[in-house]
Structures are given as C-alpha cells and as structure tokens.
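The values are calculated or read from the model by the stated rules, or taken from the named source; none is laboratory data. Note that the structure is a prediction, hence the values are computed from the model and not measured. For neighbour counting, all protein chains shown are included, and Cβ atoms are generated from backbone atoms with ideal geometry for every residue, glycine included.
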Amino acid sequence: MTDNGALLEVRNLVKHFHVGGGLFGGAPGVVRAVDGVSFAIRRGETLGLVGESGCGKTTTGRCILQLERPTSGEIVFDGQNLTKLDDAGLRRVRRRMQVIFQDPYSSLNPRMTIGQILAEPLVVHGLVPDRAAREARVGELLRHVGLLPQHAHRYPHELSGGQRQRVGIARALAMEPALIVCDEPVSALDVSIQAQIVNLLEDLQRQFGLTYLFVAHDLSVVRHISDRVAVMYLGKIVEIAGRQALYEDPLHPYTRALLSAVPIPDPDVEARRVHVVLGGEVPSPLNPPAGCVFHPRCPIAVDRCRSEVPVLREVKPGHWAACLLA
C-alpha cells in the first residue's frame, strides 16, 4: 500500500520482543507484537488505528516515533526512511513528529510547573532561546488548547484530567509538528471531556494542517474523528478503508464483530440488531495460529483459513481486507 502524496508510509513493519530465558526466566520465546503491518497516511488526514487491547496498536505508534526500533520493515516520513537514520538524524526529524500519551498524569513531570513543561522542548531544540519570548510562546500554546496563561504557574496535580491532557496536546504543538501520534488520548477521561478533547484535536488539525495517527479502541470516537480506519488483530492489519465504507460495509468478519458490539442509542434499532459473538480467547502472540490468525474465532472460517495466510488486498477501490472469503 503506497501513496505518492503520503506524509507517512509504513512498509511491512515487524516488531518482535524476545522473552524468557536468563537467570529467572522460563523457556525463551518471541512475542510477535507487530507482524507485517503496512499503511500510508496522507497529509492533513486522520487514520484511526483500532483493535482489542494487546493487538499491537501502541507498539506500532512507538515504532513510527522510533521509541521502539523495529525488527524489520521501513518507516518513511516525508521522504526519509527513519529506520536508516542515526541518533542525530532522528533528533532533527522528531521535531516534526510528536505524541500525545494515553495517561495525562504520568506523562507530565510532577516536579515541574506547566510553564516549565511547555518551555522545555523549546529550550532543548533551541527554538526560542530568549526567556521572555519563551514565556509568550507558552501563553500562546495554552490559549490554543483552551487554557489560561495563569495555568503556566500550576503543577500537574493542580489540574483536572482534561486540563492535563490539554497540556499534553500543547506540549506536542510546541514543536510545530507535521504528524502527531495520538495514543488513546481520551480513554482515561470522562465521556463529556472526551468530546471536548476530540473537538479540540479537530480544530487544531484544521488550524495547523496537522496529520494524525489516532490509536484507540473506542469505535464511536474513531468514527467521529477519522478519515480512514485501519483494524488490527494480533499484530496484523485485517482491514483498512474510508470511515463510511468501513462502518457501513465491513468486509472482514472481525470488523463486523467489533462493530456489532458498539451499542446504538435507539432501543428499537438495538433490539433488532444481529450481534456477532466471538467464541474463544485471543491467541497468544507468543504462539499465533497458523494460516489466518483470526480463524480460531472466525464464524465463517473454512479449511483454507487454517493453512493459508490471507494477504491484505484491495477488494473494492480504497477498501482493503485480509480475508480469503472477502
């Protein structure tokens, strides 16, 4: 899956973790956290990355940011292959790639004021060397995310969860990035606050021309903010399509099961829906099944699915699925 107009291209990304062995460990093994993931994100769009906990969403985001070095594959950001860069090269690129973490409390230094937290990247990268100019820039960042300039003098524990997440967004904006990886940025917040943060992210995207990789497991939030959606299962992309196409006509049985679990606020419609209930448990990434990784839980699996690995292919224009029966 390549796109000449893409800001980011992920090509056959693989990240394996070796576990066990050593002094106290058990039998050595390999956790296949990300196993051959490919996608592209165009400039100015939002790609939602969804799936169950443990499917490899966050690891994919960390590999894109080079917080985890991939086992193999390529990550091309604005024409540069990040897997080939040394530390100095990555330092220059990271100014244009930022992250919003899931937990707005643990991602902020409790011993620093909000002003110091927002000024730190400006100092580290030498963007605003003058102290007065830094203070003005901090106030500007706070206004962009809906906070007051006086919040710069407070510590993280003096803010609410929603306010802390706004600080995390402001810190990401400080570097004037092109790409922001949003790692479940609203999952730790109340529902009413979630809507405010999602709307803020959309406003900032329009204002600054940002590109988002939005990692989440809440399908209703992803539907609201995303242009396209990629569905992950056990380290693999099983479906990727435009938002409307994926929600109205899902091709992969796992996507259908995920969407059937999302409640509909109309009780009459909800009562008439056919729910897809998956049997069994998610297999361990230490020992994934042969063939299609979803076949042990798939309600439509046939014998081919147990031995043949499905390729992510374009079933309809712009709609890709990794299913032998799609």
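A few comments on the model shown:
- Restricting attention to segment 234-253 and to residues that are touching a residue at least 60 places away in the same chain (Cβ under 8 Å) and in a helix (DSSP H, G or I), the residue that is surrounded by the most Cβ atoms within 10 Å (Cβ to Cβ) turns out to be Leu246.
- Failed item in (1) loosely packed, with under 13 Cβ neighbours inside 10 Å; (2) within 25 Å of Ile193 (Cβ to Cβ); (3) modelled with pLDDT under 90, with Pro110 passing the rest: (3)
- Gly89 meets all of the listed conditions (1) within 30 Å of Pro283 (Cβ to Cβ); (2) of a type outside the set (A, V, I, L, M, F, W, C); (3) not in a loop (DSSP other than H, G, I, E, B) but one, namely (1).
- Summed over segment 155-176, residues that are under 20 Å from Arg96 (Cβ atoms) and surrounded by fewer than 16 Cβ atoms within 10 Å (Cβ to Cβ) total 1.
- For segment 283-326, filtered to residues that are outside any loop (DSSP other than H, G, I, E, B) and among the acidic types (Asp, Glu), the residue that is nearest to Asp35 (Cα to Cα) is Glu314.
- Flag for Asp190 being closer than 25 Å to Arg11 by Cβ and assigned by TED's automatic domain parsing to the domain that holds Val10: no
- Whichever residue in segment 177-195 is free of Cβ contacts under 8 Å to residues at least 40 places away in the same chain and of a type outside the set (A, V, I, L, M, F, W, C) and, among such residues, is surrounded by the fewest Cβ atoms within 10 Å (Cβ to Cβ): Ser192
- Of all the listed residues (Ser226, Ser220), the sole one being assigned by TED's automatic domain parsing to the domain that holds Asn199, in contact with a helix residue (DSSP H, G or I) (Cβ under 7 Å, 6 or more places away or on another chain), under 20 Å from Ser187 (Cα atoms) and of a type in the set (Ser, Thr, Tyr) is Ser226.
- Restricting segment 41-86 to residues that are of a type in the set (A, V, I, L, M) and part of a strand (DSSP E or B) leaves a set whose member that is surrounded by the fewest Cβ atoms within 10 Å (Cβ to Cβ) is Val76.
- Only one of the numbered conditions (1) among the hydrophobic types (A, V, I, L, M, F, W, C); (2) crowded, with 20+ Cβ neighbours inside 10 Å; (3) within 27 Å of the chain's Cα centre (by Cα) is not met by Ala152, and that is (3).
- Only residues that are touching a strand residue (DSSP E or B) at 6+ places or on another chain (Cβ under 9 Å), farther than 18 Å from Gly235 by Cα and aliphatic (A, V, I, L, M) were counted across segment 268-320, and they come to 1.
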